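See structure below.
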Amino acid sequence: MDKILNNKKRKERDIDISKTLRSEFHFLKFPFFNLCTRSSKRNDIEVLEEEDTEEGKIEIWWRVSRNVNFDFPSSFARKLHKEVVEKALNNIKKPVPRFIRLGSMRQICQTMNIAVSGKSVKEIKKALQDIKSATIQAKGTFRKKEKNGTKKFFEGNFNLYDMVFFTGETLPDGTDADAVYIQLNDMYVQNFNNNFVVPLDYPYLQSLKGDITSRMYEVFSVWFYPALENGKKYIQKQYSEICSYFPLTRQDCKWKAKGQLKSAHQQHIATGFLASEPEWIDTYEKNDWLLRYYIGPRAKDWHRQNKKLGTVESPGEKIEDLKVIKIEQLTLQYEEKPPLPPAEDQPRPKDDPLLEQLLLLKIPTNKAKILLQTYSKELIEGWIMALDIVKPQPRNKAGYLLKALEEKWELPAEVKERKEAEERERGEKLQADYDEYILAQVYEYLKTMDPEQVEKEIEAHGEVFYRKYPHYEEFKGFPSIKPYIKHDYKRTKAIDLNLPTFEDWKKDYHKAGVPNK
């Protein structure tokens, strides 16, 4: 209890934090807080993955569940933990204790830059209780780092905060609390003390607007590290994986998914954390896409400056003396785990999206290349699409695809229907792009003409318009008909300007990959 007494003797002061905020690795990589500003009906967050081992595939997971008597930790709780608890940890000389004095409610409000009021106090109390009551269940996802650098996998349930005490409540040493105190989980503190942390640019984190944007910075700081260590210029993540790790509600259309991440992408591109807009690559999985993110100069500079301040391992890094701790048996079991190369490290040629799809199914590179040489592109694409259609869904999609190709199965009829629907959609979009291109060219031309002359020509074009569309004759003279006449006038001008036909333009479109604007 000496640590409690020593912490109580500390006088209230403003927390002074340096440019770098060190955050515990697992609670940065994996989701714990809900990205929702209001009360949510969410009961849990789960990251579930399959991992290849010598014994075959095993499931690993990270699951956070709320207590039935409390709410799921919200974005306000996330702000409290980041700006108060993590700041406090960064300002205490190592080794930091489990028992931390956060200060009075007034000090906490000031640290969070919120009004000192009864409402704020109520929200702070609720957030701390929600965090304490939330349970983490981990298997193959949480590691304890020892002083000698070895890491042991923990398997079982635990909480981020073991205890919370408010002013006036009785502390474990029998004295009354003079402020707000929390007792952190011992594994969390052990990792922090042994530098199993990720260094964050705290002023940059504070400058970001929106929980999705700041959460993207946290997660990508973890994902960028192994890529930069291996000299890579980009990372690739599936949209579904991003939704699991943030967490986000998965959208059912690409335009919705893009809108969901738009503000975060724009902010990180503007600041140089991302080099450009991510590439959205179709995967033939329902409501899922592969996103390729190019790492920006800001992220590269931060990595060079701070790589020694935190320890962030590559997913395929070898872990010495791997141990699995079973809470139920209270025994330690040892097993060796060979390093596995990350999927994104496999060599793959540029501009071959179909090979990308096969590698995403975890088909070995050499086998995928043989498939591309043996079977037609249309057939492989059809069976990749079929993986999302057939019922029941195959658990081993790679094996199912290989068997279908080798045994020459007949493609499901739904594949043809979906292909036709996608072709119609592409055709409609292409026509819309062409119309936009034509009107843009005409608009640029009209800007060079005398405005009065343009108005006279539009007025004279009315007679041509009514001859072409006699059913509009009854609306002649109505102001609402003028935009239609103006639009038809521009289309006529396009012919006069000898602009490319749709077919000619389409060839240029496919060569460049974008409309010729």
Q | Whichever residue in region 277-292 is assigned to a strand (DSSP E or B) and among the charged types (D, E, K, R) and, among such residues, is surrounded by the fewest Cβ atoms within 10 Å (Cβ to Cβ) | A | Glu279
Q: Could you check Gln183 against (1) out of contact with any Ser or Thr (no Cβ under 6 Å at 6 or more places or on another chain); (2) in a helix (DSSP H, G or I) and say which number it fails?
A: (2)
Q) What are the residues in region 265-275 that are within 17 Å of Gln236 (Cα to Cα) and touching a Gly at 6+ places or on another chain (Cβ under 8 Å), if any? A) His268, Ile269, Phe273, Leu274, Ala275
Q: Residue by residue through region 87-120, note down the ones that are in a loop (DSSP other than H, G, I, E, B) and farther than 28 Å from Met187 by Cβ.
A: Ser104, Asn113, Ile114, Ala115, Val116, Ser117
Q: Return the only residue of Leu430, Leu439, Leu402 being assigned by TED's automatic domain parsing to the domain that holds Lys391, under 46 Å from the mean Cα position of the chain (by Cα), surrounded by 11 or more Cβ atoms within 10 Å (Cβ to Cβ) and assigned to a helix (DSSP H, G or I).
A: Leu402
Q. In the set Lys490, Lys511, which member is modelled with pLDDT of 80 or more, within 28 Å of Arg426 (Cα to Cα) and under 45 Å from the mean Cα position of the chain (by Cα)?
A. Lys490
Q.
Take the residues in region 158-175 that are in contact with a Lys or Arg (Cβ under 9 Å, 6 or more places away or on another chain) and touching a residue at least 40 places away in the same chain (Cβ under 8 Å); name whichever of them is farthest from Asn185 (Cα to Cα).
A. Thr175
Q: Check whether at least one residue in region 44-59 is at pLDDT below 95, farther than 30 Å from Ala398 by Cβ and assigned by TED's automatic domain parsing to the domain that holds Asn157, and report yes or no.
A: no
Q: Search region 186-213 for residues being of a type in the set (Val, Ile, Thr) and assigned to a helix (DSSP H, G or I), and hand back the single one that is surrounded by the most Cβ atoms within 10 Å (Cβ to Cβ).
A: Ile212
Q. Just a yes or no: is a residue in region 290-304 within 30 Å of Asn195 (Cβ to Cβ), at pLDDT 50 or above and among the β-branched types (Val, Ile, Thr)?
A. yes
Q) Does Asn157 qualify as being polar (S, T, N, Q), in contact with a strand residue (DSSP E or B) (Cβ under 9 Å, 6 or more places away or on another chain) and loosely packed, with under 15 Cβ neighbours inside 10 Å? A) yes
Q.
Could you check region 108-129 and list, in sequence order, the residues that are within 17 Å of Gly168 (Cβ to Cβ) and touching a helix residue (DSSP H, G or I) at 6+ places or on another chain (Cβ under 9 Å)?
A. Ile108, Val121, Ile124, Lys125, Leu128
Q.
Please go through region 212-271 and give me each residue that is under 17 Å from Phe25 (Cα atoms) and without any contact (Cβ under 8 Å) to a residue 40 or more places away in the chain, ordered by number.
A. Ser214, Trp223
Q: Could you look through region 134-154, keep only residues that are of a type outside the set (Lys, Arg) and buried (at least 18 other Cβ atoms within 10 Å of the Cβ), and pick out the one that is farthest from Gly103 (Cα to Cα)?
A: Gly140
(Q) Being more than 30 Å from Tyr245 (Cα to Cα) and modelled with pLDDT of 95 or more is the requirement here; does Met187 meet it? (A) no
Q. Only one residue in Phe465, Phe502 is modelled with pLDDT of 80 or more and either under 28 Å from Asp282 (Cβ atoms) or among the charged types (D, E, K, R) (or both), so which one is that?
A. Phe502
Q. From the set of residues in region 154-180 that are part of a loop (DSSP other than H, G, I, E, B) and among the aliphatic types (A, V, I, L, M), which is nearest to His26 (Cα to Cα)?
A. Leu160
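The values are calculated or read from the model by the stated rules, or taken from the named source; none is laboratory data. From a predicted model like this one, the values you see are computed outputs, not experimental measurements. Methodologically, a virtual Cβ is constructed for each residue, glycine included, from the backbone with ideal geometry; neighbour enumeration extends over all protein chains shown.
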